[in-house]
Number of protein chains: 2
Amino acid sequence: MFLCFYVFMLMFKLLKTSNKSKARLTRLTTPHGLVDGPFFMPIATKGAVKNLTADELKGLGAQIVLANAYHLFLAPGSKLIKKAGGLHQYMNWPGPILTDSGGFQVFSLSKIRKISEKGAEFSEPSSGRKYLLTPELSVQIQKDLGVDLAMAFDDVIGYPASKEKVKLAMERTSRWAKRCLAAREQGNKRTKEQNKSILFGIIQGGVYKDLRLKSAKDLTALKFDGYAVGGVAVGEPREKMKPILDWVVPLLPENKPRYLMGLGRPEEIVAAVKEGIDMFDCVIPTREARHGRLYLWSSGKRQPLLPSSEQRLRPNQLKGKFYQTINITNSRYKTDLSPINQTNLKQYSKAYLHHLFATNEPLSMRLATLNNLKFYLDLMVRIREDIKAGLL
Amino acid sequence: MFLCFYVFMLMFKLLKTSNKSKARLTRLTTPHGLVDGPFFMPIATKGAVKNLTADELKGLGAQIVLANAYHLFLAPGSKLIKKAGGLHQYMNWPGPILTDSGGFQVFSLSKIRKISEKGAEFSEPSSGRKYLLTPELSVQIQKDLGVDLAMAFDDVIGYPASKEKVKLAMERTSRWAKRCLAAREQGNKRTKEQNKSILFGIIQGGVYKDLRLKSAKDLTALKFDGYAVGGVAVGEPREKMKPILDWVVPLLPENKPRYLMGLGRPEEIVAAVKEGIDMFDCVIPTREARHGRLYLWSSGKRQPLLPSSEQRLRPNQLKGKFYQTINITNSRYKTDLSPINQTNLKQYSKAYLHHLFATNEPLSMRLATLNNLKFYLDLMVRIREDIKAGLL
């Protein structure tokens, strides 16, 4: 089944839907190039993937990276980046960029914050300086950065939280969503050339079915270019996360991209793809690399991408099926002269990487990051191959 | 003037001697390739140049790298590296490698050490474990590493030190030099194929003319493949360093490579080249990079490589002549959108690198290191060009 939709200027193609699951093969056309889905976005929060250059990312097969409006607004400032010719030029990344709006960072990083209808008042952790981040300002920041895909500013709430609080934040997110859409139109003639503020709505509602359904209904009534499921992986047990996609995805339009924010482990990504999700980002591959945890394909013959729907959110049961993780700092690797992996780091031994970590050589984190991102990006290649081949 | 000497199996060619100074164009042929001199060796103490891969080093124009026998003996162990196929394979560096013998590290790093005629007893700083590093062991370590150029194990002494102490250490260095040469022959048939322990003697003697002359005389009477001037930059004022080359170089054989250990700033390298030195290593470009200090060519037309012999050891007078240093962490660079340099990092602005340092992004140190090593390696290219053109 080949369908083609034009969503404003964001061209989205649904190339195939699986017969075995809700998995989709998709293609996004952005001002900075194509992105084949399902896809994973390496995290370049402050305008750089930790330890890597943009050239290396390209070499790993990254199609798109994720940066953060909150962080770049604080440093070096979105106006400076605008003056530099936009974030692409500033960070030397020629491909598409998505920015998160800052809603999650206001929730997770700010010590003092006061959420009002107007926006989120917070103090910068280092300087103590006060800021008011509004939906309008968040959209403006993302316009100044010149990113390909922008996110609406949402009111994120952690777990646990009372249903009443989650409801208030969800409703506010819906009201802010309208303000983001209005701000998007401001001073931005949506001609083909100026197509620089493709906007995604973010569905909230915590672990409560009726709130998730209401949020999805509110946001899909608005003309967003794509939809994200937010407010997951904010502290709730993994099994509480499981039903959220079952509730929300059926309400999402088929002709727009779907993004599950902040997840996850490989088996969680596979599971979410089978639920119909197209877009992912996660700190896991890069953050765990810096602590020496490596993601590796299982050796021997190619294993099917699991889990089944019953297993998908219990990673401990699943490890070792199609992949394994190892901690290279473990002393057992001191004398292991086998290659780090069979793809991009076969010229280095595990013993060498162990030594680099043991002696605090900065190259250690870089090689581990190269391994993990290569694994995650190859995982997405395999997912797309398996959807195409009717295996997923 | 083209001369060609075969020094054991180390082929050394003196391609040209300048008419204007004692500067020399040289070529070393090692088991892992050619090295054109004068040359600079980036420092890969523990088997990695900090933040960089071997591929990047190659791309910067590095011909040879320097590693350290003391550090690699302690971790991961020279026997393990031997098992891994040698240091070249272990660190994925296909070109020539020189190792320092560990004499300087015993002097500079060990908390508790006892120097006897037998060798240097020291405790490893982290574990407290005791070791006895002898001339024989140092040579064996370097054989196990399989390096192209090895250094004799010397008794290094700091500044200030009494002349008596410096004399004792210098005399011991001469006795240890003989033991290194004897150890080099042990179990190592010097066939063409097994040519893996080309050995350099290290001239000591501190800031005392008679001791330096004696050391040079002692060592040049032995059949080393090359000679190094050691025990400089160990705390003495720069002007005390100046005469050492004037004393020592005239005593060195013309047909062997000459290595000034651990120096220096660009103008010091130029000055030493003019004194007839062929080989350099220094932590300055990599260490200062990690603190945000960048070495940059002066803008505008190509400036002659200075200093004159009067100026050469007073760096502050000379800065800004053919190069400048800047501290990229200075707030003035926050909004400086000009490129980092005009060679290998023109795609990044100074403002971007400032931002990476300001936000503790690890890519900051990597880009600064790429800048500084490129500068140092290009400096050596310019030095060789200038000797060839009769300008130096």
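Any read-out appearing in this document is the output of simple, stated calculations on the displayed coordinates, not a laboratory observation. A quick note: this is a predicted structure, and the numbers were derived from the prediction, not measured. Cβ placement follows ideal geometry from the backbone for every residue including glycine, while neighbour counts extend to all protein chains displayed.
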(request) Once you've got the GNM for chain B with C-alpha springs shorter than 10 Å, pick whichever of B:K274, B:K301, B:K130 has the biggest mean-square fluctuation. (result) B:K301
(message) I'd like to know which of A:N255, A:L373, A:T325 lies farthest towards the positive end of the charge dipole of segment A:234-392, counting +1 on Cβ of Lys and Arg and -1 on Cβ of Asp and Glu.
(response) A:T325
(request) Pairs of Cα atoms under 8 Å, at least six residues apart: use those to get the relative contact order of segment A:290-388, whole percent. (result) 30
(message) What is the sum of charges, Lys and Arg at +1 and Asp and Glu at -1, for the other residues whose Cβ falls under 11 Å from the Cβ of A:P135?
(response) +2
(request) Compare B:D225, B:D148, B:D246 in a GNM of chain B, Cα atoms joined below 10 Å, and give the one with the largest fluctuation. (result) B:D246
(request) Mind pulling the angle between the C-alpha long axis of helix A:238-248 and the longest principal axis of chain A? Nearest 10 degrees, somewhere in 0 to 90. (result) 50
(message) If you average the C-alpha positions of segment A:86-153 and of segment B:76-109 separately, how far apart do those two centres end up, in angstrom?
(response) 47
(request) In nm, give the distance between the simple-model label positions of B:K217 and B:K58, each being 7 Å from the Cα along the Cα-to-Cβ direction. (result) 4.8
(request) Could you work out the mean count of beta carbons from other protein chains within 10 Å of each residue's beta carbon in A:347-355? (result) 5
(message) Quick check on the protein assembly as shown: helices-only [θ] at 222 nm, where DSSP H runs of length 4 and up contribute -39,500 (n - 2.57) each and the sum goes over total residues. Nearest 500, please.
(response) -11000 deg cm²/dmol
(request) Can you tell me which of B:55-62, A:65-72 comes out highest on packing, and rank the rest after it, using the mean Cβ neighbours within 10 Å? (result) A:65-72, B:55-62
(request) With a/c under 1.5 counting as rounded, go ahead and sort segment B:19-164 into rounded, prolate or oblate using the C-alpha gyration tensor (a ≥ b ≥ c being the square roots of the eigenvalues; past the cut-off, prolate if a/b is larger than b/c, else oblate). (result) oblate
(message) As a quick test, which of the pairs B:K163/B:K223; A:K83/A:K130; A:K178/A:K223; A:K118/A:K178; A:K163/A:K209 have an alpha carbon distance above 18 angstrom in this structure?
(response) B:K163/B:K223; A:K83/A:K130
(request) Between the label point of A:K118 and that of the same position in each other copy, find the distances and list them shortest first in nm, with every label point placed 7 Å from Cα along the Cα-to-C-beta direction. (result) 7.9
(message) Looking at chain A as a GNM with Cα springs under 10 Å, which of A:I328, A:I97, A:I277 has the largest mean-square fluctuation?
(response) A:I328
(request) Would you pull out the residues with amide H under 5 Å of A:A23's amide H, same chain only if 5 or more places away, H placed 1.01 Å from N? (result) A:S18, A:G276
(request) Mind listing the label-point distances from A:K346 to the same position on all other copies, shortest first, one decimal in nm, points 7 Å along Cα→Cβ? (result) 3.6
(message) On the rotation axis linking copies B and A, which residue of B comes nearest by its Cβ, and by how many whole Å?
(response) B:P362, 3
(request) Taking H placed 1.01 Å from N in the peptide plane, check which residues at least 5 places from B:E236 or on another chain put their amide H under 5 Å from its amide H. (result) B:Y159
(message) Rounding to the nearest 10 and keeping the result within 0 to 90°, find how far the Cα-based axis of helix B:363-388 lies from the longest principal axis of chain B.
(response) 70
(request) Between the label point of A:K165 and that of the same position in each other copy, find the distances and list them shortest first in nm, with every label point placed 7 Å from Cα along the Cα-to-C-beta direction. (result) 6.5
